[in-house]
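The values are calculated or read from the model by the stated rules, or taken from the named source; none is laboratory data. Because the structure is a prediction, the values reported are computed rather than measured. Glycine gets a Cβ as well: all are built from the backbone with ideal geometry, and neighbour counts include every protein chain shown.
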Amino acid sequence: MELLEAMEELEAQAAVPQGSAAPMVDDVVVMQVKHTQQKLMAAHLQRSSGKDASSFPFFWVLSKLMKLYEEYPDGITDAIALTELMAAHYQRHNGRPLAGVAGHRGLQTEDDLLSEGFEDEAIYATIAHMDGHRLTLQLQTADSLDVWMTVNMYFHQRFRACMTCIQTMGSRQRRFPLTAQRQVIFTKAKVLERKDVSAHGQSTTVSLLPTPYMVLQLERGRAADEQFVAKAVSLAEIDRRAHPGNPHPLLQQSIVKARVVDIGAVRPCKTPLHIQRQVILLGEVTHEAARQTLRSSQRFIEGTHMLVLWDDQVVLSRLFNVGDDLIVFQPFVHMCEHNDDEIGSIVNEYSASQPHHRFYFEYGTATVLFTRNRHVTKATVTTGQATSLATDAHYSAIDRLPIEAIQSTWVNFAVYGQVDEIRVSHGIPLMAAYFYAYYDPTTGSSPASESSAIPQRSLDRAIVSKYYLVVLMRVYDAGSKRTLCVEITGENAVRALRLRRGQSVLLQGLVAVNLNDPAIASLRQDRIGQQQYAGTQGTAAFAFTNSDYSKQAPQPNGTSESHEIALMSDWVSIFGDQAAFQEARLSLINQTLGFLNSIRELPLMNHWCASALLNKRPVVSMLPIRMNITSLGWLIPSAGSDVFAIDSTCEQGFSTMLAHKPCLRPLEMAPRVHASDTDEPRWRCDFCHEIFTGMHETLQSFGDLVVAIEDGSTSELLAYCQGPMVESILGLAADEYVQLSLSDKRALLGRAIGRDFLFLLSRCDARSVVVQDNHAKQIRTAMSTRIDVVQQVDGYAQAQQLLRQLKHSRRSGDFE
């Protein structure tokens, strides 16, 4: 697109009447995605000869591009983007693992058995033969389902004991369940390598040592398997048998059938008896479809019982899936004691009113697990269009959806927009209410079903103790009249601390909730926030009140607050690897150097485009532009006034500051609480609401540097930058700058004048700045542009590139 055509198109977009609905305007990011979509579709149609009409959704393309931009700071070409995304597309559609085995390993040769990490993989195999204490297994290879690699395994004693016990129970099939054609999944199998003596040590044989972590699969319709399943008892029967008058040894010899309702995350233990544990929620096996819905976190099957895996046993959870029928041979039924702190913390974690906490199952020394594959896939959420919770399926829209389309039933969706407001607090997040609203109906616990005798539940339980840093952010897009409130906790909250208003972000793995949902509203009552935190003497409070989430703030262009709230957190750590939640991720596009270097061949826009577009919120969010620095100076605040001055002499200070490491915002000295405090200084960060002592959380950073830029054909454009961006322009770190003399500081600023840079500009809050015009007259102007990325231009390389373009234009006949 030529420069004049780009200016006319953007000018037409800027002329949209304010009273009409704002259209979905394409900024630089959206144009990059649409350009890549067209390239991908053309390449795919050419490869498939027009027979396959596969699509390349907007957020899928954007997420893949952002990953490439972060991996390649020097930028990528269209050819690299096309190759990487086409490979990911075909892998997404054709490279899924087999049903029933989540992420099993494909093997090529025996060398793969000796490779690092083999023991930690889930291996899919079929029993070919059993001879004494050895099983001959056919392992699936990576290339084809019809090609197998044969290896011997010494099976664990628990499986021989299981086979012997089942034979005494009158099994019709000899050596059941270790029969031929039985499919198994195992992990943690160590490799035994032996040299062949007859071959003079020139060849080796490989065998697998016994592993207790193996799950045997039962097939529906096979007579012996159906007979074995018929001998299993329900969870209700175990409830009837588990009473003080029943001898425990008889209870340990049961065969229990249950359905896997949920596989929790691996969590550290509270007591020193174990290091870690994982809870598997089990429910009754019913003939109803095991379909699940996450609307208000309700399920058709309740997880009334628990199978607890301790320490190394947690690897077993990777060998079956949510929705599978689990046949547990001789589980260890652990009768709970009143002083069992560990089970108390487990019950309190999932539901404070769990009715079935008299006992729980364990993977004992004689326990063997059998599975029957589930009939349905993961949960499906229905929105305006079908949106699956499976990987990448929620990116089904070719174009980005407006914020108004988000509904409280959405899970694992993505949003691209600009930051309108960001706040930080410490306390119980809204995510805690969603967590317990997710599990309480599953475990048969709901606010309506609780009796007055049961203590009121507290949101301040162990699972949310490490999510007390809460970031509340509001985002908008160019074509929306609403802002979306996003609560961020976990690792992404730390990254969000450095966000600035007006910057563009990509938020992935979001979960939408509604504050008016009864399941969440009942957990957000004020009385819950006043309860004591388990194990402390203090009280826990909410990080933000309900009014903070639903705040109706006046917005430009008539925008209003959305009724839906989006949550972003460490979902895999909270709900487990097999939950229907994808890992959330926050990407700050404005500060991704690979993005700027990948779009540097786009038509460069002049000062008219920058000044006209950056001050119109609905039109453009960021602007890549190549310009020359004409002058620069430090931004100096005026006492008792909101007008700023510019200091080019470096005499008035404000060039450097002591900043808070997590957020890169200025610190203030805090008064000492007691006279006996240490001599180390005490600091306060008003943005993060933190007070700390010492210098470990501080760093020397640059203040605000005002830069006047132009491209030789337009008037100057004022923009400011701070921190790392100032360092990129001056070529010197802040801690080194403070050691320079006054004359050296002036010379350092002077050396930056006249140099060409590639800038990525964005909007910011307007500041009134006093500058001097060509007649040395002071005038007051508004500065609403911020520099987010700076890349120095190599003049020689740019000249060589221009010559190549001119030669190409002459050969193609386009140059006159």
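Is the stretch 713-722 home to any residue that is surrounded by fewer than 12 Cβ atoms within 10 Å (Cβ to Cβ) and either in contact (Cβ under 8 Å) with a residue 12 or more places away in the chain or β-branched (Val, Ile, Thr) (or both)? Outline the logic, then answer.
Taking the stretch 713-722 first, the residues surrounded by fewer than 12 Cβ atoms within 10 Å (Cβ to Cβ) are 713, 715.
Subsequent filtering for residues that are either in contact (Cβ under 8 Å) with a residue 12 or more places away in the chain or β-branched (Val, Ile, Thr) (or both) retains 713, 715.
Yes, the stretch 713-722 contains at least one residue that is surrounded by fewer than 12 Cβ atoms within 10 Å (Cβ to Cβ) and either in contact (Cβ under 8 Å) with a residue 12 or more places away in the chain or β-branched (Val, Ile, Thr) (or both).
If you go through the stretch 54-67 and keep only what is surrounded by fewer than 18 Cβ atoms within 10 Å (Cβ to Cβ) and touching a residue at least 40 places away in the same chain (Cβ under 8 Å), you end up with just Ser55.
Kindly indicate which of Cys685, Cys663 is at pLDDT 90 or above, within 30 Å of Gly490 (Cβ to Cβ), touching a His at 6+ places or on another chain (Cβ under 6 Å) and not assigned by TED's automatic domain parsing to the domain that holds Arg501. Working first, answer last.
Working: Cys663 fails: touching a His at 6+ places or on another chain (Cβ under 6 Å).
Only one candidate passes the filter, namely Cys685.
Go through the stretch 226-264 and give me each residue that's free of Cβ contacts under 8 Å to residues at least 40 places away in the same chain and within 19 Å of Thr367 (Cα to Cα). Within the stretch 226-264, Ala230, Val233, Glu237, Arg241, Pro247, Pro249, Leu250 qualify. Scanning the stretch 140-158 turns up at least one residue that is modelled with pLDDT of 90 or more, over 19 Å from Glu193 (Cα atoms) and touching a strand residue (DSSP E or B) at 6+ places or on another chain (Cβ under 7 Å).
Yes or no: Val30 among the β-branched types (Val, Ile, Thr), out of contact with any Ser or Thr (no Cβ under 7 Å at 6 or more places or on another chain) and modelled with pLDDT of 85 or more?
Working: among the β-branched types (Val, Ile, Thr): yes; out of contact with any Ser or Thr (no Cβ under 7 Å at 6 or more places or on another chain): yes; modelled with pLDDT of 85 or more: yes.
Yes, satisfied.
Could you check the stretch 154-173 and list, in sequence order, the residues that are assigned to a loop (DSSP other than H, G, I, E, B) and either over 49 Å from the mean Cα position of the chain (by Cα) or more than 18 Å from Ser254 (Cβ to Cβ) (or both)? Within the stretch 154-173, Phe155, His156, Met169, Gly170, Arg172, Gln173 meet the criteria. Answer yes or no as to whether Ala128 is loosely packed, with under 13 Cβ neighbours inside 10 Å and modelled with pLDDT of 85 or more. For Ala128, the condition - loosely packed, with under 13 Cβ neighbours inside 10 Å and modelled with pLDDT of 85 or more - is not met. Just one of the listed residues (Lys807, Lys745) is modelled with pLDDT of 90 or more and of a type in the set (Lys, Arg), and it is Lys745.
Given the condition closer than 30 Å to Glu421 by Cβ and at pLDDT 90 or above, answer yes or no: does some residue in the stretch 731-738 qualify?
Taking the stretch 731-738 and keeping what is closer than 30 Å to Glu421 by Cβ, we get 734.
Restricting the remaining residues to those that are at pLDDT 90 or above gives 734.
Among the residues of the stretch 731-738, at least one is closer than 30 Å to Glu421 by Cβ and at pLDDT 90 or above, which makes the answer yes.
Being more than 32 Å from the chain's Cα centre (by Cα), β-branched (Val, Ile, Thr) and modelled with pLDDT under 90: is that true of Thr678 here? Steps first, answer last, please.
Details: more than 32 Å from the chain's Cα centre (by Cα): yes; β-branched (Val, Ile, Thr): yes; modelled with pLDDT under 90: yes.
Taking the combined requirement at face value, the residue satisfies it.
What about Arg498, is it at pLDDT 70 or above, of a type outside the set (S, T, N, Q) and closer than 30 Å to Phe58 by Cβ? Spelling it out, Arg498 is indeed at pLDDT 70 or above, of a type outside the set (S, T, N, Q) and closer than 30 Å to Phe58 by Cβ. Within the stretch 787-798, residues that are outside any strand (DSSP E or B) sit with their Cβ atoms under 7 Å from residues that are at pLDDT 70 or above and surrounded by 14 or more Cβ atoms within 10 Å (Cβ to Cβ), at 6+ positions apart or across chains, in these pairs: Val793/Arg626; Val793/Asp756; Val793/Phe757; Val793/Leu758; Gly795/Asp756.
Of all the listed residues (Phe687, Phe757), the sole one being part of a strand (DSSP E or B) and out of contact with any Phe, Trp or Tyr (no Cβ under 9 Å at 6 or more places or on another chain) is Phe757. It is to be established whether one or more residues within the stretch 229-247 are surrounded by fewer than 16 Cβ atoms within 10 Å (Cβ to Cβ), under 27 Å from the mean Cα position of the chain (by Cα) and modelled with pLDDT of 90 or more. No; the residues of the stretch 229-247 include none that is surrounded by fewer than 16 Cβ atoms within 10 Å (Cβ to Cβ), under 27 Å from the mean Cα position of the chain (by Cα) and modelled with pLDDT of 90 or more.
Output the number of the condition that Gly221 fails; it satisfies all remaining conditions of (1) surrounded by fewer than 19 Cβ atoms within 10 Å (Cβ to Cβ); (2) of a type outside the set (Ser, Thr, Tyr); (3) not in a loop (DSSP other than H, G, I, E, B). Evaluating Gly221 over (1) surrounded by fewer than 19 Cβ atoms within 10 Å (Cβ to Cβ); (2) of a type outside the set (Ser, Thr, Tyr); (3) not in a loop (DSSP other than H, G, I, E, B) leaves (3) as the failure.
So which of Ala521, Ala512 is free of Cβ contacts under 8 Å to residues at least 40 places away in the same chain and more than 13 Å from the chain's Cα centre (by Cα)?
On the way: Ala512 fails: free of Cβ contacts under 8 Å to residues at least 40 places away in the same chain.
One residue alone meets the criteria, Ala521.
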